[in-house]
1. Out of residues 5 or more away from S162 or on other chains, whose amide H comes under 5 Å of its own, with H placed 1.01 Å from N in the peptide plane?
2. Which value results when the Cα radius of gyration for the stretch 14-205 is divided by 2.2 N^0.38 Å?
3. How would you order 446-452, 263-269, 143-149, 689-695 from highest to lowest mean count of nearby Cβ atoms within 10 Å?
4. Please go through the residue pairs K612/K647; K77/K143; K692/K764 and name each one whose alpha carbons sit more than 23 Å apart in this structure.
5. Just order 429-435, 712-718 by mean Cβ neighbour count inside 10 Å, highest at the front, would you?
6. Over the stretch 14-205, what relative contact order in percent results from Cα pairs under 8 Å that are six or more residues apart?
7. Round to a whole number: what % of the accessible area of the stretch 14-205 belongs to carbon and sulfur, probe 1.4 Å?
8. State the Cα centre-to-centre distance between the stretch 135-153 and the stretch 636-704 in whole Å.
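The values are calculated or read from the model by the stated rules, or taken from the named source; none is laboratory data. Just so it is clear, the model here is predicted, and its values are computed rather than measured. Note that each Cβ is placed from the backbone with ideal geometry, even for glycine, and that neighbours are counted across all protein chains shown. Ligands, DNA and RNA are excluded from the accessible area calculation, which covers all protein heavy atoms including side chains. Shrake-Rupley method; radii C 1.70, N 1.55, O 1.52, S 1.80 Å.
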Amino acid sequence: MWFSFWRSKDRFSLDQLRYLADQLTKVQIVNEVNKDFVIEALRSIAELVTYGDQHDPTFFEFFMEKQVVGDFVRILKLSRTISIPLQLLQTVSIMIQNLQSEHAIYYMFSNEHMNYLITYSFDFRNEELLSYYISFLRAIGGKLNKNTISLLVKTRNDEVVSFPLYVEAIRFAFHEESMIRAAVRAVTLNVYHVGDDSVNRYITSEPHTDYFSNLVSFFRKQCMDLNRLISETLKNPGPDSNSTVTTAVDEIEDNLYYFSDIISAGIPDVERLITDSILMLLIFPVLLPSLRTVADNHVDQDMQSGVVTSLYLLCCILRIVKIKDLANTIVAALYYPLESFTKCSGGQVNGYIPDHGFTSKSDGIDNDNLAENSAKCLVVNVPCSSSSSDCHPQSITILNNGSSSNVALREVLLEYVTGGADVQVLGSLSVLATLLQTKELDESMLDGLGILPQRKQQKKLLLQALVGEASGEEQLFSSESSLTRDGIACGLDVYLNKIKEQYGVSFQPSNVVSSPRVPRFQVLDALVSLFCRSNISAETLWDGGWLLRQLLPYSESEFNNHHLELLKISYENSASALEKEVRGFWPDLLITVLCDEWRKCKRAMESSSPPKEPKCMLFPPRMFFSEEDIPEGSSFTAGERMHELVKVFVLLHQLQIFTHGRALPDQPLIYHPCDHRTNSRAHTSGLAAVPKPGTEMNLVNAVPCRIAFERGKERHFCFLAISVGTSGWLVLAEELPLKKPYGVVRVAAPLAGCNPRVDDKHSKWLHLRIRPSALPFLDPVKYNRHGKLKTKAFVDGRWILAFRDEESCKNAFLMIREEINHLCDEVDRRIKPLLKLETVLDISSSSAPVSEDSSSHTTPPDSL
């Protein structure tokens, strides 16, 4: 019988299907002898049925008439080898995925055959079998709709009492293999998005609700793992640290997007379950307690990494999981002091109680009992504070110094801005920016935090005035609106009561928001203090600038004189530091970088979102704040420092224009290049552009020298240093014997940063440092998004020129210094108006073009 199977037939014919079905019916045992026939029969039947579904309906009619699916189940029961279940699951999966006829799908899902296969006791110790089984479940999930889902559930009195597909799928929801987890999520999302009310009641009933709390518990474990990874990276950074963190971050965000996809199904009870689980299993016991004060963070680096991880996760949750109650509850929780979220039983502040903050020393977490224990033990005791409504804006204290145990978490966030490390500043700014952009938040909550944009404040007051809630003039022009204050308190009280009643957090009410101006000025004070700090990276300061612009677009009305004075001092310090760069390593690129960063900063400030994504706080940039930070002889690190100083200066410059109510120009106020000197060495040599190898030049001012680019191979050249405007080069040329005094350029290198030095022991030798002609970190091809070189780090070159006598060496040295001075003087002349604040504000307030005559500053003459 088995050999007759292989006789020649038309593969895609009804006769072939009839033959295969008949042979399959005759199988009474499956063993090593006939397993190959059975496997091939199953595979061929799937092929024929799929073909018939698209070309000839009689194929599937025969398939139903003979109840071939029943034979599949019978064969599975008879099999004693692993190969049969593998092929059977593959066969059924292929058929379900490819059948297009609704009638065919209805048949496949009827008669309980699919539920039998779903609940069959397969040996999942075989990884290949598990993979086929998960693919089988996913195939079924892909065909779910309101009509087909009823064929896969069992009901009693119109209520679903059994749903094998869902129950068996979520058994593998937390499998170690990510592909299996992804397939299970696809199945569950297909179930949620069907929109069947009875199925929705089933999945939100006990014990199936445990799935959602287990999801959050699994996510919490990933968060703990991420924090440990970041802590280890901070202590012992390695070449693969960034890629490892990036992989973990992608996994974190994938989980949050899964939560978001679940929420989008619109099942109210599921939204409530996820909200409660995130708050009770993650936000209250882990993330908020990790927000230690700055003073505590200086004690332990693990605590600092915990702060960064918590801030990042808060941003991600608010940005991705769009649930109104969740967002507003998180904001309300920021009014509680740190001790509000410590467990009352241990009596210790977070970090050394199991499952309390990211600095926990124990990972033994009981997921099932955690929510219950947290609800019993979370206690808040906030003493009544005196009203600050009478405070004058200039006399408002920014923050508590952090030593008090009653500092509210929102004040801890501002404390990070004013005194935290760079990553903490960026994290806190990211949280505030995320809150500002969270559409699910009530505007009254933003106003209570002090981050409601001015345009929204005016819009809200205008609408209230138009509907007659109070005097429009009183609200729009009064500095203190009682209605605004009442609105903030009312919106906040709703969620404070929710935290108390639903989540078991005890709270004694106090005047949380005594005046809507107080939190606004606290935020402004913190931001202004940030711009006065010298140990914060430019990229982080740009985030602060973006936030300030959102709060105060084109207005200085919220600023007081103290704010403006602090910003002015910070700007002047930055301008002084930038002026020193004119005589630094990279003056030839200073103006180019200034113009480029000006455009980028203006675009970033005017963008609808912050310059950096929240995940950037996990990849802190390298910063150089002083000459001591630059490794000796490294032009590359000096270039990074110059770039950093330019970015800080550009931001502070634009803030000056912005806070004085001026519009930002598209270009910085820089003079145009002046005419080149007619008696310059560049003019005499005939090199008015970048000297390229092979270019002919006049050697009248060149000095003969020797240099060996390879060991034992000394070459004779004529050396010349030239400058043209803000550019300059060191040129080595070979003399043309038949066309004296002309020669041909062989090698050229940048003049700036060459640092000429006569050798201490050999007075005929001149040492020159040869730096790159461009800043490699400005090239996206060479630099990745986390500020790391994709290629090997650049190293400066060295030239040692040997001259005929000491006089020639000295002349070459003086020539280089003179040309460098010409180059630097031109750079200084062109950026002069940019460094004078009064000129900037005068010119930016008018539409007149920039010229040297429009400035009160005089330009030194360009003379040799």
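1. For S162, whose amide H was placed from the backbone, the distant partners under 5 Å are K154.
2. On the way: Rg = 16.8 Å, N = 192, 2.2 N^0.38 = 16.2 Å.
Compactness ratio reported: 1.04.
3. Details: 446-452: 23.6, 263-269: 15.0, 143-149: 16.7, 689-695: 13.0.
Most protected by this proxy first, the peptides run 446-452, 143-149, 263-269, 689-695.
4. Values: K612/K647 14 Å; K77/K143 26 Å; K692/K764 28 Å.
Over 23 Å Cα-Cα: K77/K143; K692/K764.
5. 429-435, 712-718
6. Working: 194 pairs, mean separation 34.6, N = 192.
Relative contact order comes out at 18 percent.
7. Numbers: 3990 of 8690 Å².
Ligands and nucleic acids excluded, carbon and sulfur reach 46 percent.
8. Centre-to-centre distance over Cα atoms comes out at 67 Å.
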